[in-house]
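What follows is calculated from the coordinates using simple rules that are stated; it is not laboratory data. Fair warning: this is a prediction, and the values are worked out from it, not measured in the lab. No Cβ is skipped: glycine too gets one built from the backbone with ideal geometry, and neighbour counts run over all protein chains shown.
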């Protein structure tokens, strides 16, 4: 198990870069899917984010998709 402080710092950085358009969704997706186990309340939010990012969501409106992505990232560092 990794440190929660490292997780929250990384999640906030990923969120901010993605929100600013400096990071591609596929990189965010791979980061989320590569996260390991963390204690609650973070663990539940990581599992929810992984379930969200796992399938392709190409059929969604890009703006709505990004809003939903950002909400899931924010839940990881602000549970």
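Tell me, please, whether a residue that is touching a residue at least 40 places away in the same chain (Cβ under 8 Å) and surrounded by 13 or more Cβ atoms within 10 Å (Cβ to Cβ) can be found in segment 48-66.
yes
Given the structure, is residue 48 farther than 16 Å from residue 6 by Cα and in a helix (DSSP H, G or I)?
Yes, satisfied.
So for segment 10-20 (the condition being over 9 Å from the mean Cα position of the chain (by Cα), without any contact (Cβ under 8 Å) to a residue 60 or more places away in the chain and exposed (fewer than 12 other Cβ atoms within 10 Å of the Cβ)), does at least one residue qualify?
For segment 10-20, residues over 9 Å from the mean Cα position of the chain (by Cα), without any contact (Cβ under 8 Å) to a residue 60 or more places away in the chain and exposed (fewer than 12 other Cβ atoms within 10 Å of the Cβ): present.
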